[in-house]
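Here is the structure we will look at, set down as structure tokens.
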Amino acid sequence: MLNTIACIAVPQMAPFEFGVICEVFGIDRTDQGGPTFDFHVVAAEPGPIPTKLGFDVVVHEDLEVARRADLVAVPASLIDEPVDPRIIDVIRDAVARDAWVLSVCSGAFTLGRAGVLAGRRATTHWMYTDRLAEMFPDTEVDPDVLFVQDDKVVTGAGTAAGIDAALHIVRTELGASAANIIARRMVVPPQRDGGQSQFIQTPVPECRTDSFAKVTEWMLEHLDQELTVDLLARKALMSPRTFARRFRAETGTTPNAWLNRQRLLRAQQLLEETSLTLEEIARETGFGAAAVMRHHFLKVLQTTPTQYRRVFGPRAAG
């Protein structure tokens, strides 16, 4: 169970990436039905920790709690900054005892120096992926994804992709509802997949109020229907080719992949919160049949709908 979280403050860390870890795991959200974690900010040497922007963060705890944490998280820092051997030991120990380990952005270099990326897939900010591959040639670096999970080691790409990586861990351990509550509080989308491209041509879409934004809202309201690209293009008043190209440019994924992810998230929610049968959920979410829904669960979540409900459903929560 994901309970104790240790965020390791490192010299010259990036405040935003540090803040992402604190925001996802460090806030009490019980008043909204969300999870609360035993969250700690720790350091090899407690006291003022300098950030890369010139101000200090004062840390009061040493690394002791990190040695028993369910998740050890490392924010971004300067790539060539040396890593304290005590931090390396904590990271190695976390992997050895099967705890979660998360890096955000250039925090992947800290994991690489600890040796825990050897033989694993990993990612980091696209500006640094070549350098990561050069420094750690025994790591398979994927430059075109938001985050990578390899066993329980999760590496996030640049800045906001750290939110996606952190929410992925919450969703894996505590279910879609818990991740959605955190995402809603943070006013961020809960549904971005790790395999989604880092390279979104329009990170802040220019058309939030036009027909394109309206058609995505319509898609969410009609997940139970057959939604072809031709139909969606007509709704958006575009040609199918233009719609598909623009959708990819603005979301980083294809319409079909986006729809499948939304359907999967909706199915997770219904499995967690209702007693509908698998066939009823498959029809309501647009998968059509329980067998098709099961295929997508296995492909993306590495579990079946039945197993997911057993872990996260109403009876389990009770």
Please report the net charge: other residues with Cβ closer than 15 Å to the Cβ of GLY119, K and R +1, D and E -1.
-1
Taking only protein heavy atoms into account and a 1.4 Å probe, give the accessible area per residue of the chain in Å².
47 Å²
Given R₀ = 30 Å, what would the calculated FRET efficiency be for GLU23 paired with GLU280, taking r from the Cβ atoms and rounding to 0.05?
0.25
Correct choice for Cα extents along the principal axes in Å that was computed from the model, options (1) 88, 61, 39; (2) 58, 45, 37; (3) 58, 48, 42:
(2)
Value of relative contact order over segment 1-156, rounded to a whole percent, pairs C-alpha under 8 Å and six or more apart
20 percent
Accessible area of segment 81-139 with a 1.4 Å probe: how many percent of it is carbon plus sulfur?
50 percent
What net charge do the residues around SER103 carry, taking every other residue with its C-beta under 12 Å from that of SER103, with Lys and Arg at +1 and Asp and Glu at -1?
0
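Output the antiparallel fraction of DSSP beta bridges having both residues in the chain, as a percent to the nearest 5. Provide the component values of the computation, followed by the final result.
Details: 9 of 29 bridges.
If we restrict to bridges inside the chain, about 30 percent are antiparallel.
Give the relative contact order (percent, whole number) for the chain; include only Cα pairs under 8 Å separated by 6+ residues.
Computed value for the chain: 12 percent relative contact order.
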Measure out, as a whole number of angstrom, how far apart the alpha-carbon centroids of segment 127-153 and segment 208-247 sit.
34 Å
Answer rounded, prolate or oblate for segment 68-131, using the Cα gyration tensor with square roots of eigenvalues a ≥ b ≥ c: rounded when a/c is under 1.5, else prolate when a/b is larger than b/c, else oblate.
prolate
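Throw me the Rg/Rh for segment 91-160, computed over C-alpha atoms with Kirkwood Rh, two decimals.
On the way: Rg = 10.6 Å, Rh = 11.5 Å.
So for segment 91-160, dividing Rg by the Kirkwood Rh gives 0.92.
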Starting from 0.36 nm per residue, how many nanometres of slack lie between ARG310 and ALA291 once their C-alpha separation is accounted for?
5.1 nm
Would you tally the net charge around GLU81, using a Cβ to Cβ cut-off of less than 13 Å, leaving GLU81 out, and scoring K and R as +1, D and E as -1?
0
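Based solely on its DSSP helices, what 222 nm [θ] is calculated for the chain when runs of n ≥ 4 H residues each add -39,500 (n - 2.57) and the sum is averaged over all residues, nearest 500 deg cm²/dmol?
After summing the helix terms and dividing by residue count, I get -13500 deg cm²/dmol.
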Bridge type composition, segment 87-190 - antiparallel percent by DSSP, nearest 5:
40 percent
Round to a whole number: what % of the accessible area of segment 229-269 belongs to carbon and sulfur, probe 1.4 Å?
49 percent
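The values are calculated or read from the model by the stated rules, or taken from the named source; none is laboratory data. Everything numeric in this text was worked out from a predicted model, so none of it was measured. Please note: Cβ atoms are built from the backbone with ideal geometry, for glycine as well, and neighbour counts cover all protein chains shown. Surface areas here come from the heavy atoms of the whole protein model, side chains and all, with no ligands, DNA or RNA. Shrake-Rupley method; radii C 1.70, N 1.55, O 1.52, S 1.80 Å.
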